[in-house]
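Following: one structure in structure tokens, then a few remarks.
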Amino acid sequence: MNSFRLPPARLCSLGVFTLAGLIFWLSSDVSQGNNIRTDDSLLQMSDLIRERTRQNAALESAAAELRAEVNALAERDGPPDPDGERRLDGLEREAGLTDLAGPGLTVTLTDAPPDATALTPGVPDPSPNDLVIHQQDLQAVVNALWAGGAEGVRVMDQRLISTSAVRCVGNTLILQGRLYSPPYTVTAVGDRADLRAALDSSPALRNYQQYVAAYGLGWDVEDHPSVTLPGYDGGAALHHAEPTE
């Protein structure tokens, strides 16, 4: 019995066309009719991030009001326990959930101008990556302030707690569900001399200072005789934890 067989070349062509059709279908399905290679799609993504940030801020505000109502009801209806209240107040202070006032300082980090050139002889012209604040720069400031004995730290308008994470996408900071652009400010309460000494002795910040001198990245440290850090008012529930070894 004779059987019909396509020549190998025809089979290859058929496979190529089938694969191409699958790729076109996947591209159409992912883009939902949009051009995924244009700047418009990037702008749409940026707009989406900003809209989600506004929604997160509204939800955080509503959640904070509900937590305040729950705490008020618990205090009203619960039996008096002075010792328990003192322990709770102490734990809330240590966790960063209450206002903290005292002497301190603010560090401000700023991008260099986009058309910046080398300011120091012998230094190569900068790439765009050299002119923006990166996650490691912000994290280095926060780490140095904690190492210098900071009693509390605020980044932009948010108090840091044990679950806070400083993350950057490009030169945009995402902190606890909110989106920020430079200049970035980091404020700490503590002994100002110790805080400055910790900033000066940080190897990561000494490296950053080289870029300040070479390309004009912004660096400013301002002393405060007294400054108040608001308590953290977002959600603080842990979803996953493991014991340390």
Can G177 be described as at positive phi, within 23 Å of the chain's Cα centre (by Cα) and open to solvent by less than 40 Å² (accessible area, probe 1.4 Å)?
yes
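Right, H134: in contact (Cβ under 8 Å) with a residue 24 or more places away in the chain, touching a strand residue (DSSP E or B) at 6+ places or on another chain (Cβ under 8 Å), under 24 Å from E94 (Cβ atoms) and not β-branched (V, I, T) or not? Explain how you work it out, then say what you get.
Details: in contact (Cβ under 8 Å) with a residue 24 or more places away in the chain: yes; touching a strand residue (DSSP E or B) at 6+ places or on another chain (Cβ under 8 Å): yes; under 24 Å from E94 (Cβ atoms): no; not β-branched (V, I, T): yes.
So H134 does not fit the description; no.
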Just wondering, is there one or more residues in region 180-191 that are farther than 15 Å from E222 by Cβ, at pLDDT below 95 and either of a type in the set (G, A, S) or in a strand (DSSP E or B) (or both)?
yes
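How many residues, within region 107-142, are of a type in the set (A, V, I, L, M) and open to solvent by 40 Å² or more (accessible area, probe 1.4 Å)?
Step one: list which residues in region 107-142 are of a type in the set (A, V, I, L, M), which gives 107, 109, 112, 116, 118-119, 123, 131-133, 138, 140-142.
Checking the rest, the ones that are also open to solvent by 40 Å² or more (accessible area, probe 1.4 Å) come to 119, 123.
The total comes to 2.
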Within region 198-210, is there a residue that is out of contact with any helix residue (DSSP H, G or I) (no Cβ under 7 Å at 6 or more places or on another chain) and over 23 Å from N171 (Cα atoms)?
yes
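The values are calculated or read from the model by the stated rules, or taken from the named source; none is laboratory data. Quick caveat, the model's predicted, so the values are computed rather than measured. All Cβ positions, even for glycine, are placed from backbone atoms using ideal geometry, and neighbour counts span all protein chains on display. Only protein heavy atoms, including side chains, enter the accessible area calculation; ligands, DNA and RNA are left aside. Shrake-Rupley method; radii C 1.70, N 1.55, O 1.52, S 1.80 Å.
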